[in-house]
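Below: the structure, in structure tokens.
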Amino acid sequence: MSVTVAARGDALSAIERHVPALVEQLVASRITAGDATLWGPAAEAEASIRLGWTQAVAISRPLVAEIATLRAQLHERGVTRIVLCGMGGSSLAPEVITRTAGVELTVLDSTDPGQVASALDDHLGHTAVVVSSKSGSTVETDSQKRSFEAAFRAIGVDPTERIIVVTDPGSPLEQASLAAGYRVFTADPTVGGRYSALTAFGLVPSGLAGVDLDALLDEAEAASLLLAIDRADNPGLQLGAAIAGTAPLRDKLVIVADGTHILGLGDWIEQLIAESTGKEGRGVLPVVVEPDAPELTSGAPDVQVVRLVADARATREVERGEVEVSGSLGAQLLTWQYATAVAGVLLGINPFDQPDVESAKVAARGLLDARPEPVAAAFVDQGVEVVGPAELLAGASRLEEAIARLEAVVPADGYIAVQAYLDRIAHADLAAVRGAVAQRTGRPVTFGWGPRFLHSTGQYHKGGPARGVFLQITGRLADDLSIPDRPFSYAELIAAQAAGDAAVLAAAGMPVVTLRVHDAAALDAVRAALR
């Protein structure tokens with residue numbers, strides 16, 4: 001099945017207004033042909049080396065047999081568990097692919113010491129690890145690779161027999177891994193990380209875990225012809241217009257899974273759109289919500305609801321000016337990539353760079369080098385250290401009061417970002433506070449696990465419209481873990497990442513309050529206060 005897009009209200013008006021012009025300008029076929037001029041002169045150099053994803057199905061076909069052969073070899077060595085070490089698009093695409101296929105994949109996209117330790121301690125003797133990094137220098141992935149190498153050696157296993165590397169050709173990771181004897185898959189360097197779902201980054205871990213890759217590529221191929229043709233029924237053009245063509249722009253894209261068989265697609269869409277469009281003070285903020293989320297019925301003029309459904313409703317009206325999208329996983333992956341590129345055309349931005357992601361990385365590295373004392377808390381309540389701007393927290397002494405003050409400064413067209421730099425597996429229920437905050441404030445609320453969101457929505461926070469307020473939840477709730485041959489530990493790394501991001505946001509004039517917790521009781525107090 002290909003992809004169907006159904007819309008009403010402002011979204012339908014945007015489709016009717018923009019798609020004929022997009023067809024006339026041959027936008028779909030120009031994207032497919034690699035025309036880098038679509039996004040303006042300033043974007044041309046970057047776009048010229050970032051459109052390989054349109055040909056990913058054909059380029060990736062030969063990988064399928066290689067991955068199947070390696071999977072059989074690993075099985076012969078007793079491997080029954082695959083771990084993926086990766087961040088951003090390198091982890092989110094394999095996660096949605098494997099969850100939808102119903103196969104097990106342990107995704108390690110964190111520097112929380114507890115989450116890392118759990119991944120290291122789980123059936124290590126029967127584990128193989130995929131280390132994915134496009135640049136080959138991602139600090140999280142490098143740290144995780146070092147830890148697994150040491151852990152394998154400790155049980156008498158040669159790491160080169162259990163670690164598989166996915167990276168770009170010529171990267172530092174490729175060079176070092178080949179020299180050390182690791183199995184290396186290189187991906188098409190003309191595909192950016194968030195567009196890499198149908199390349200080696202998405203396929204190697206998914207295939208090793210047991211996904212039918214031919215079926216996934218067949219689904220994408222079935223959609224590729226219509227996506228490449230300049231026609232009014234092109235779902236990539238329709239969806240791109242609905243995302244970025246409403247007038248005035250409904251720039252909070254509320255995404256809800258409502259009957260789709262695809263698991264976790266909203267999280268993948270979130271990083272694709274947020275990192276692609278949030279720049280130059282413009283962009284569209286994806287807000288992934290639950291089926292009963294208050295954003296779905298808020299009627300806010302800056303909210304556009306997108307439902308991921310089993311069948312876009314051709315036989316009855318789409319509700320309340322919403323957009324509905326249905327289709328197979330492979331087809332949707334490719335369609336959303338086209339739609340995001342089209343959204344870049346309509347917004348007048350470059351959808352292939354991420355200029356503000358690096359700022360938080362630089363700040364974190366600076367903190368790791370300098371090792372300053374932690375910022376002093378404004379006050380401590382119920383074991384929670386509350387840190388934030390003096391003008392915002394002056395006179396406050398209760399946790400609920402600090403949260404209320406932060407929520408009170410959300411702009412009328414703004415949003416709240418709750419960011420938990422904690423073990424997302426052990427504390428998964430914390431994400432449930434998102435809906436409560438949205439209900440109380442009447443504003444869209446995003447929830448991100450740190451540091452993984454830094455590789456997705458982190459770009460929008462710093463490069464998009466400066467309308468956010470930020471609530472960090474940080475702290476050490478598990479024993480620390482050293483990183484082999486590094487002068488810092490995992491607890492020090494994740495603390496620096498949180499503090500670095502807070503510093504960059506604050507420097508841009510956006511309010512940040514940090515809640516530091518050091519035991520389960522303090523985290524329970526945070527849950528209760530947010531609910």
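In the stretch 71-82, the residues that are assigned by TED's automatic domain parsing to the domain that holds Glu161 reach residues that are in a strand (DSSP E or B) with C-beta atoms within less than 6 angstrom, at least six apart or across chains, in these pairs: Leu74/Ala128; Val79/Ala128; Arg81/Thr127; Ile82/Ala128.
Using the structure shown, decide if Gly448 is modelled with pLDDT of 95 or more, closer than 28 Å to Thr138 by Cβ, crowded, with 19+ Cβ neighbours inside 10 Å and not β-branched (Val, Ile, Thr).
On the way: modelled with pLDDT of 95 or more: yes; closer than 28 Å to Thr138 by Cβ: yes; crowded, with 19+ Cβ neighbours inside 10 Å: yes; not β-branched (Val, Ile, Thr): yes.
Taking the combined requirement at face value, the residue satisfies it.
Select from the stretch 29-49 the residues that are more than 14 Å from Phe352 (Cβ to Cβ) and over 25 Å from the mean Cα position of the chain (by Cα) and list them in ascending order. Ser29, Arg30, Ala33, Pro41, listed by residue number. Taken together, Glu373, Glu391, Glu400, Glu385 contain a single residue that is in contact with a strand residue (DSSP E or B) (Cβ under 7 Å, 6 or more places away or on another chain), acidic (Asp, Glu) and not assigned by TED's automatic domain parsing to the domain that holds Gly114, which is Glu385.
Exactly one residue among Gly299, Gly321, Gly266 is outside the structural domain of Ala412 (by TED's automatic domain parsing), more than 22 Å from the chain's Cα centre (by Cα) and surrounded by 18 or more Cβ atoms within 10 Å (Cβ to Cβ), and that residue is Gly321.
Sort through Ala247, Ala228, Ala223, Ala241 and tell me the only one that's at pLDDT 95 or above, buried (at least 24 other Cβ atoms within 10 Å of the Cβ) and within 24 Å of Asn350 (Cα to Cα). Unique residue meeting the criteria: Ala241. Scanning the stretch 456-473 turns up one or more residues that are touching a residue at least 40 places away in the same chain (Cβ under 8 Å), among the basic types (Lys, Arg) and in a helix (DSSP H, G or I). Within the set Val375, Val380, the sole residue that is part of a loop (DSSP other than H, G, I, E, B) and either more than 21 Å from Gly468 (Cβ to Cβ) or over 20 Å from the mean Cα position of the chain (by Cα) (or both) turns out to be Val375. When Val469, Val526, Val433 are checked against the criterion of being surrounded by 21 or more Cβ atoms within 10 Å (Cβ to Cβ) and in contact with a Lys or Arg (Cβ under 8 Å, 6 or more places away or on another chain), a single residue qualifies: Val433.
Looking at the stretch 155-166, can you tell me whether even one residue there is buried (at least 23 other Cβ atoms within 10 Å of the Cβ), assigned to a helix (DSSP H, G or I) and either modelled with pLDDT of 95 or more or not assigned by TED's automatic domain parsing to the domain that holds Pro451 (or both)? Checked against the condition, which is being buried (at least 23 other Cβ atoms within 10 Å of the Cβ), assigned to a helix (DSSP H, G or I) and either modelled with pLDDT of 95 or more or not assigned by TED's automatic domain parsing to the domain that holds Pro451 (or both), the stretch 155-166 yields no hits at all.
Condition first: exposed (fewer than 14 other Cβ atoms within 10 Å of the Cβ) and in a helix (DSSP H, G or I). Can you find one or more residues in the stretch 81-93 that meet it? Explain how you work it out, then say what you get.
Of all residues in the stretch 81-93, those exposed (fewer than 14 other Cβ atoms within 10 Å of the Cβ) come to none.
No, because not a single residue in the stretch 81-93 is exposed (fewer than 14 other Cβ atoms within 10 Å of the Cβ) and in a helix (DSSP H, G or I).
The values are calculated or read from the model by the stated rules, or taken from the named source; none is laboratory data. Fair warning: this is a prediction, and the values are worked out from it, not measured in the lab. Positions of Cβ are generated from backbone atoms using ideal geometry, with glycine treated the same way; all protein chains shown enter the neighbour counts.
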